[in-house]
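K.L.:
Here you go, one structure.
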Amino acid sequence: MKLYVYVLEGKDWAVEESYVKLKVGKFKSRTRVLKNTRNPVWNEEFVFRVDCLDDDELVVSVYDGDGDDESSGLFKVNSCRSLVGRVRIPLSSVAAEEDHHLQPTWFSVQSDESNESICDFCRRDH
């Protein structure tokens with residue numbers, strides 16, 4: 001089964017340079033770094049292989065892109081990447097929907113330390 005995830009945009013981010021990492025099971029991906037905006041618009045689509053919608057989750061992590069050297073590629077080990085916050089979305093929420101399809105939905109990304117809302121992003125599965 002395939003899970004389609006759309007990272008559309010964020011609003012009122014705490015940082016001006018950011019990117020989003022996505023993880024489902026052992027599969028990972030990420031958006032490009034957007035600079036000079038607290039309201040980034042990615043409009044990027046990702047596809048993940050999923051064995052069972054009931055047993056897994058989509059982990060969305062927001063990172064400060066400041067100091068990230070894009071010319072070194074996605075796997076640069078020593079770049080400065082500060083975690084801003086994350087949200088965990090159970091895939092069972094997709095399974096519960098008719099036709100396994102969610103309309104675009106805003107989620108608040110929570111800081112791991114303070115549990116306060118840092119920013120929002122929109123994601124859609126089908």
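Laboratory data are not the source of any read-out in this text; all were calculated from the coordinates shown. Since the structure is predicted, the reported quantities are computational estimates derived from the model, not experimental observations. We place every Cβ from the backbone using ideal geometry, glycine too, and count neighbours over all the protein chains shown.
K.L.:
Quick one: Karplus J couplings for region 5-19, per residue in order, coefficients 6.51, -1.76, 1.60, θ = phi - 60°, nearest Hz, x for Gly and Pro?
P.N.:
Whole-Hz 3J(HN,Hα) from phi for region 5-19: 10, 10, 9, 8, 7, x, 9, 6, 5, 7, 10, 9, 10, 8, 8.
K.L.:
For region 38-62 and region 84-103, what is the separation of their Cα centres, given in Å?
P.N.:
When both Cα centres are located, 9 Å separates them.
K.L.:
Let me ask something else about it. Tell me the label-point distance for the pair V41, L102, using the 7 Å Cα-to-Cβ offset, in nm and rounded to one decimal.
P.N.:
Simple spin-label model gives 2.3 nm for this pair.
K.L.:
What is region 1-55's relative contact order, in percent, from Cα pairs under 8 angstrom and six or more apart in sequence?
P.N.:
Details: 93 pairs, mean separation 26.9, N = 55.
Reported relative contact order: 49 percent.
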